[in-house]
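Peer 1: Input: one structure, supplied below.
The values are calculated or read from the model by the stated rules, or taken from the named source; none is laboratory data. Note that the coordinates shown come from a computational prediction; the quantities given were computed from them, not determined experimentally. Positions of Cβ are backbone-derived with ideal geometry, glycine not excepted, and every protein chain shown enters the neighbour counts. Quick note on the areas: whole protein, heavy atoms, side chains included, nothing else; ligands and nucleic acids left out. Shrake-Rupley method; radii C 1.70, N 1.55, O 1.52, S 1.80 Å.
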Amino acid sequence: MSLEVRVLNASSLQNLETLGKSDPYVTIDFQGEKKKTEYKSGTLDPVWDETLTWTLGSKAPRPDECIDIFVKDYERIGRNRLLGKATIAFRNIALSAPGTPLEYELGLLDANDSPTVGTLSLTLSYKPPAGTPAPAVGAVGMMAARQAAVSSDLAEGIAALPDVCMDGTATGAMPQLGLPQQRNRDKLSNAKTKFQIRVRVVEGRQLMGDNINPVCRVGLDGDAKQTRVHKGTTSPWFDEIFFYQVEKFPSDILEDFMEFQVCNSSGIRSTTSIGSFKCEIGMVYDMPNHSFLNRWLVLANPDEPTPTVQGYLKASIAVLGPGDVCPDMTAGRNDQDDVESNLLWSAGVHLQPATFILSVYCAQNLPRMDAGTLQSLKEILGVGKASKELVDPYLIASYAGQEVQTKILYTNENPEFRQHLHMGFLFPSMCNVIKITLKDWDRVGQDDQIGTAVIPVSAVSAPGEDGFLPTFGPAWVNVYGARREWELLEGQSAEKMNLGADKGCAYRGRVLLALHTQVGTYPPAPTTAIDNDSFNKVRRFRSTRRFVLMCQLSGTWLLETSGMPLEVEVSVGNFGNKLENSMLPSPSSTHPANPVFDGCKYYFLPWDEAMPFVTVHCDYEDVTHRLHSVNHITGIVTVLKKDVQHLRALLRGHQHHQDNEQVKNALQATVSRLISKCSLKLPEIDPVRHVATSLDHHLRDQRRIQLDKLKTAAQAISASDIPKALEELEAAIATLEYIALEPQSSIPDVFLWLMSGTRRLAYVRIPAHTVLFAHEHTSQGPYAGSFHTYTLEFPEADKGWNIGGVIRASIWFGREEDVRNWWDAHSDVQLTVYAETYENQVISVPGSGKWTDKGVLMTRPTFSDPDGRLSLPRESFSEPQGWSFHGEWFIDPDPSVRYAADAGRQVFTEEVYEQQVRVPGGAWLPAPNNWVDARGNPATKRDEITLSEGWAWRDAWSYDLQRAVDGEGWEYTVESGLMGWSPQEKLYHVSRRRRWIRERHLLHKVEKEIESPVDGWEYAPLFRLQFHALERKIDMVRRRRWRRRLVPKEQGLPPTPRIGVKTGTGDEEFTQITCPRMYVVSAERHVYQLRAHIYQARDLPAGDKTGLSDPYAVVSFCNSTQQTEKKSATLCPTWDQTLIFDDVKLSGPISTTHSQAPQIVVEIFDWDARLYHDGYGSLSPVSEVKQCWVQSVFGCLCAREHQILLAHEGTVVE
C-alpha cells in the first residue's frame, strides 16, 4: 500500500526576497511523515517534476485524513519562509480507482489562510491494501434522516427512535421493536393461565422539579407497588424489583396496561405527580424473551394537551408464562444503555432535535505512547520512522450513542485540533455524560487509549425558569488514566483506567474545550473547522499565573515493600514529575531511604527530625474563583454533617425522650449555623485576575438561588418534630453537595507517589481545591497548610484490600505572591538546603576486591543523581540564583542504611549456616569457610555469636527442619551460588549446608549511638537494588552521598534553588539542571503515648472452610504496629485488649498535634496455621481497612470511642 505524489510545477509565487527572487521548494506532510523536493534557485515559476512516495502499513488511512502541502522559500541562513500552503482531503483520493492518477491545480493560501495568486500543480495516486473496500464517505452529514424515523408497526401508543450513525444509516433497536412475523401471543392457549410479571425499577434521570423527593409507583390491574423515597435528588437510584402474580385469560392479561408513575413525596400531597408512562403487557410479551431490559421510559404529563418530557425512568419488564425462563435483569450503569435507540415513549410526546457543538481547540502534555525501542522496531518493519514526540493524538466525543472524532495530528504531544464537533440528539436527553476520549493512532495494530474525561451535563446546565442550556468553557478538561511511563504490556487495570472505567492514577494531559447547545435542528455535518479569529479569541483563557505547591512530610509508614530504597514524589500535572524531561525540574521528591521494620508487620521510612520539604513551581490558569466557591460550599457541608451526626447521637441517647431540651437546643443551634452560613456571600470574581466564562456566571447565580432556598427552608424547620427535621437537614446536605460540583476545574489534581528509582509503586490523588490557600478562611481548602494523613493505594486492581502505605503531610497550594503566608503560619520551622551528588564505583573484576569507576557494571556516571540519570560532577556545580554555598562538600551517609537487621523487632531469629565439602563419593569435611551466611559470605561461628545489650536467648541452637532438607537439616548442591540446593544427596554433590537458628527476644530498649563509617560507602549487588552499610561478598557496586549546604544570599523569601551543572567537554559541553534536597526542622519535638483499646468485632466474614475465622487485629500508628492476640474459630471475637504505643515522637507544637493528629489504621486478619511468614503465619485480610482519628490531650494520645465500619461486613468497637 502506497501513496505517490508527483510535484509538477508552480506559478506566480510570492517573492519574499529584497534582492533577487525566492528559492522555492515543496514539503508534503502525510501521517506525520514529511517529504520534500529539491529547491529551485531564483524563480517564481519553478518546475520540479519530482515524485514523492509514502510506503504505508497494512492499516488503510481514514477518509477524514488530510495531505498538507507547503511551498517554502529556501534560506541558507535563517528560517525558511512560507510562500503558500494547501490541503487535500484523503477521501477524494480514496474514492478514485486504485492506482489512478488524480491531477490537481491548487490555489495557495498564506499563513493567515487568505488566498494568494500562486498555484501548484501535482498528481496523486493511491494503492490501497488488497481487499480493502472503498470507504462510505458520501453519506457523512446526513443526520437529518432521524426526523423520518417513527415506526408504525409498534404496539398501541408506543413509538421508538432508531439510532442514526454519522453516515446516516439507521441502526440499533428498530428491527427489535418491530413486531415479529408470528406474534408470541398467538401460541398461548385460550384457558386461564398463570403469569408472573417482574418489574425492576432501576433509576430516574432529568426529573423535573426543584428540591424533590422522588418515589416511583408501578401499577397493574389495580395492584400498585412503590419504591423507597429518595431525598433531594433529580437522579434517584432505585434498583428495586416487584413481582405480580396474575391468573387470567391470555387475551385479557395481554391487553392490560402497566403504568409507571414518578411522584414527589415532599409535595403538598404525596400523590404529586412528576410524570408517568403506560405500556401494554402484550407489547412486552411479543418482544424477544418476553421482556424489555434496561429501557429508558419517557415520563410525561398525560393531562397536558401536548405532553412534554418530565424526565426519564430506566426499567426492565419481563412477562413470564408457563415454561418461560426469566432473562438477566441485573441493574447497572452502562454506556450502551444511554443511547437514543433505547428510548420508549408514548404517542404524542414531543422531543425536539438539538445539537451539541463541542469546540476542540488544543491539548497539552500528552504522554509519549511508544517507547524508543518499539518505534525503532516499527521502522525496521517498515511501518514508520522514529519520531520525537512518539504520539499521534486524536479526540473522540460521544453522547447518547453518537461519536464524532477530530483529525489526527501526527507526532505532536501538544496538538492544536481547531475543530468543532457536532453531535445531534433529542432534547431533553436521558444521557447525562459527554465522554471525551483521547487516543493515539497506531500504524500497526489498534489505536491506543491515552485517557478519558467526562463532562456531566447536569453540572453544566439547569432546568426550570431560572435554568440554562448546557454550556461549558472555554476551559481545560484534565485527562487521567494509567501511569504516564510507557509500558510494553499494560495490565487490565491500566486499560480500565485509560477507558475511564476506574479512577485514573496519573495525569495524562488536558484538552481545551467549549460547549454550546442549539435546539431545533440537527447538525448538517459532523465536523467544521475553527477559523483563526475564533481560535485567537480563546487565547485569553490560556493565560497562566505562577502557582507554588509546598509539601512538608512528617512520616511514611505501613509499607509492605522492604527490599528497595523508597522515596516520595509530589506533583501537580507534569510539574514535579521527575521522569518528565521536558519540564523544568523542581525539588519535588524526598531522598531515597531504605524502609525499616516497625517491629510487627510493616516498614517505615526513617526521616527522624529533619522532615523532607518539597516545592513545585507551576504555571496554570487562575481559576481560584471557582475553587474558592467549591471550598465555601463544602465547608458548609462539613459543618452540617458534623451537626447532624451529633444530633443523631443525642437522639439515640434520648430515644425515649424526644422532647428532651438538649436535643432541641442542639437542633436550634444547627439550624442557626446553617442559616448563618447560607447567608454569607460567595467568593467574588475579580475581572482583573480571573477570566470568567458564561458557565461561571450561571453557576454563581444558581448557587445563590439554592442557598437562599435552603435558608428559607431552614427557617421553617420546627424543633417539635426531630426526625422530620433531620430529614430536612439530610436533604439540605444533598443539595449542597450537588451545587458544590465544579465542572471547570482546570488545575489538575495533586499526586503523591511512593517510588523506587523510576518505578511507581503506590499513590494518592488529592483534588487541588482541598489544599488551596485563600485569604478568607471560608474559601480555603480543608487541608491547606495543615497536617493530614493520606492513604496510598496500588495502581494495580489485583491488590485487593491491601493499602500501599500511609503518608502524613502538610500540603499548601497557592499563588506565588501568597507564599509568605505559609512561612508566617510555620514560624517554628527552619529550612535547610543541600546540594547533592552520589559518587559511584564498581568491582573491576569479580572477586578482586578492587573498586573503580570503569567497567561493564558501571551503568551510570561517576558522579550522578540517585537514579543515575544525570551526570553531576562536584566541581561543576554552580550557585543557584539567590543562593550561595556555605562550606565545602562533605560525605553524608543515609541514616537508613545503618539500621541493623533486628531494628524495630521484639523477637529476632539469629541464623548461621554450617558448610561442608567433599570430593565426589568421599567423606564430608568442614569447608574452608565453615560458617557462612545465607549468601555464602563468611560469618561468625555459631558458638561465638553473642547477645546485644537488652536481648535474651529464648532457646538453644537447633538446625532448621522447616525447609526442603533431609532429616538432619542438610541440603546439597554441586556448586554453591551457581546451582540450586536439593534435599536428596547424590554422588556428584560436593557441597552441603544446614541452617542453625536460635531465637532471642528484647528485654528493654537500649539507646545506641550511631557511628557513621569514615568513608561513607553504601554497598549493593547492583545499582537498582537496596544499599547497605557493610560490604558483602556478592556486592558488586557501591556509592556514597556528597552534600554541600546552600544558604540564601539575602533576607526574605529566596527563589526555588535550581542548580546548573556543566558536563561534557569541548563542543559537547552542556548544562544540566538539578534541584537540591530541602528539609525543615521544627523547634519543638514532643514524645507522646497512644493507648488503643480494642474491644470486639462482629459479623466478620468466614475465612476458613469451617465457616469460621481465626481473627486478630493489627493497629498501626506512626512508625509502630502492634497486634492483638488471636481468637480461634469465631466470627465475633472479643479481644478486650489495650495496645500501648510508647515513645511516639512528633514534631511541632502540642496545639498543632492536638488538632492535626496522625490517623490510626486498624486491620482485621485471619490467621492461617498452614503457612508461615516472618514467624507469625500467613496473613489473609478478611475485611477492608478502615481508619479512625486520634486526639492529643497534653501529650497523651487517646482514641475516640466509636465504631469502625468494615465494608458492611463487620464492625470493630474501640
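Peer 1: Just the accessible area for TYR361, please: 1.4 Å probe, Å², rounded to the nearest 10?
Peer 2: 20 Å²
Peer 1: Do you know the Lys pair count in region 1-92 for C-alpha distances under 27 Å, with sequence separation 8 or more or different chains?
Peer 2: Summing the qualifying lysine pairs gives 18.
Peer 1: Another one. Between beta-carbons, use under 13 Å as the cut-off and find the net charge around GLU567, counting Lys and Arg +1, Asp and Glu -1.
Peer 2: -1
Peer 1: Okay, moving on. Once you have the Cα-Cα distance between SER718 and GLU50, take 0.36 nm times their residue separation minus that, and quote the gain in nm to one decimal.
Peer 2: Roughly 231.7 nm would be gained on extension.
Peer 1: Another question, then. Would you give the gap between the C-alpha center of region 825-896 and the C-alpha center of region 586-647, rounded to a whole Å?
Peer 2: 29 Å
Peer 1: Still on this model: Please give the FRET efficiency for ASN532 paired with THR862, using the beta carbon to beta carbon distance and R0 = 35 Å, rounded to the nearest 0.05.
Peer 2: The formula returns an efficiency of 0.10 here.
Peer 1: Averaging the inverse of every distinct alpha carbon separation and then flipping it gives the Kirkwood radius. What is it for the chain, in angstrom units?
Peer 2: 35.9 Å
Peer 1: What accessible area per residue comes out for region 539-582, rounded to a whole number of Å², with a 1.4 Å probe?
Peer 2: That works out to 32 Å² for each residue.
Peer 1: Cross-link partners among lysines for LYS641, C-alpha distance below 23 Å, same-chain residues fewer than 8 apart left out?
Peer 2: Straight-line reach from LYS641, under 23 Å: LYS231, LYS664, LYS677, LYS681, LYS709, LYS711, LYS724, LYS1186.
Peer 1: Related question: Counting only C-alpha contacts under 8 Å and six or more residues apart, can you give the relative contact order of region 837-930 as a whole percent?
Peer 2: The value is 15 percent.
Peer 1: For region 303-344 and region 210-247, write down the distance between their C-alpha centroids in whole Å.
Peer 2: When both Cα centres are located, 14 Å separates them.
Peer 1: Please work out the C-alpha center-to-center distance from region 439-504 to region 23-50 and express it in whole Å.
Peer 2: 40 Å
Peer 1: Let me have the 222 nm mean residue ellipticity of the chain computed from DSSP H runs of 4+ only, each contributing -39500 (n - 2.57), with the sum over all residues rounded to the nearest 500.
Peer 2: Only helices count here, giving -3500 deg cm²/dmol.
Peer 1: What nm distance separates the two modelled labels at THR778 and GLU888, each placed 7 Å from Cα along Cα→Cβ?
Peer 2: The two pseudo-label positions are separated by 6.1 nm.
Peer 1: Next question. Suppose R0 equals 51 Å. What FRET efficiency, 1/(1 + (r/R0)^6) with r the Cβ-Cβ distance, do LYS1033 and GLN446 give to the nearest 0.05?
Peer 2: The calculated FRET efficiency here is 0.55.
Peer 1: Between beta-carbons, use under 9 Å as the cut-off and find the net charge around LEU409, counting Lys and Arg +1, Asp and Glu -1.
Peer 2: The answer is -1.
Peer 1: For ALA97 and GLU33, FRET efficiency with R0 = 25 Å and r from the beta-carbon atoms, rounded to 0.05?
Peer 2: Between GLU33 and ALA97 the formula returns 0.55.
Peer 1: Quick one: the Cα spread of region 676-816 along its three principal axes, in angstroms, biggest first?
Peer 2: 59, 46, 26 Å, listed from the longest principal axis down.
Peer 1: What net charge do the residues around GLN881 carry, taking every other residue with its C-beta under 12 Å from that of GLN881, with Lys and Arg at +1 and Asp and Glu at -1?
Peer 2: With Lys, Arg at +1 and Asp, Glu at -1, the neighbours total 0.
Peer 1: With the crude spin-label approximation of a point 7 Å out along Cα→Cβ, what separation in nm comes out for LEU1025 versus LYS711?
Peer 2: So the two model labels end up 6.9 nm from each other.
Peer 1: In nanometres, what is the gap between the two model label sites at ASN80 and ASP619, each 7 Å from Cα along Cα-to-Cβ?
Peer 2: That separation, rounded to one decimal, is 2.9 nm.
Peer 1: Roughly how big is the chain's charge dipole about its Cα centre, with Cβ charges of +1 (Lys, Arg) and -1 (Asp, Glu), in debye to the nearest 20?
Peer 2: Computed about the Cα centre, the dipole is about 820 debye.
Peer 1: Something else now. What is the percent carbon and sulfur in the accessible area of the chain, measuring with a 1.4 Å probe over the protein chains and ignoring ligands?
Peer 2: 49 percent
Peer 1: In percent, what relative contact order does region 949-1008 have, based on Cα pairs under 8 Å that are 6 or more apart in sequence?
Peer 2: Worked out over region 949-1008, it gives 46 percent.
Peer 1: Going from most exposed to least, what order do HIS769, HIS350 have by accessible area with a 1.4 Å probe?
Peer 2: HIS350, HIS769
Peer 1: Now, a different point. Would you list, by chain and number, the lysines whose Cα falls below 16 Å from the Cα of LYS503, excluding same-chain residues fewer than 8 positions away?
Peer 2: Straight-line reach from LYS503, under 16 Å: LYS435, LYS799.
Peer 1: Given 0.36 nm per residue, what is the gain on full extension from GLN881 to VAL325 after removing their alpha carbon distance, in nm?
Peer 2: Length gained, GLN881 through VAL325: 192.4 nm.
Peer 1: Over region 1054-1142, give the accessible area per residue in Å² for a 1.4 Å probe, as an integer.
Peer 2: That works out to 48 Å² per residue.
Peer 1: For region 967-1096, what proportion of DSSP beta bridges, expressed in % and rounded to the nearest 5, is antiparallel?
Peer 2: The antiparallel fraction comes to roughly 95 percent.
Peer 1: So, by mean Cβ neighbours within 10 angstrom, what's the order for 706-712, 604-610 with the highest one leading?
Peer 2: Packing proxy ranking, top to bottom: 604-610, 706-712.
Peer 1: Could you work out the relative contact order of the chain? I mean the mean sequence separation of Cα pairs under 8 Å and 6+ apart, divided by the number of residues, in percent.
Peer 2: Dividing the mean separation by the residue count of the chain yields 7 percent.
Peer 1: So if I take the alpha carbon set of region 540-627, get Rg, then get Rh from the Kirkwood formula, what is the Rg over Rh ratio?
Peer 2: Computed over Cα atoms, the ratio is 1.10.
Peer 1: Moving on. Solvent-accessible area per residue for region 761-887 at a 1.4 Å probe radius, Å²?
Peer 2: Averaged over the residues of region 761-887, the accessible area is 43 Å².
Peer 1: Can you give the extra length, in nm with one decimal, that the chain gains between ARG1091 and SER2 once fully stretched, where that is 0.36 nm per residue apart less the Cα-Cα distance?
Peer 2: Contour length minus Cα-Cα distance gives 384.5 nm.
Peer 1: Which aspartates and glutamates have a Cα lying under 13 Å from the Cα of LYS850, excluding residues fewer than 8 positions away in the same chain?
Peer 2: Filter leaves GLU1031, ASP1035.
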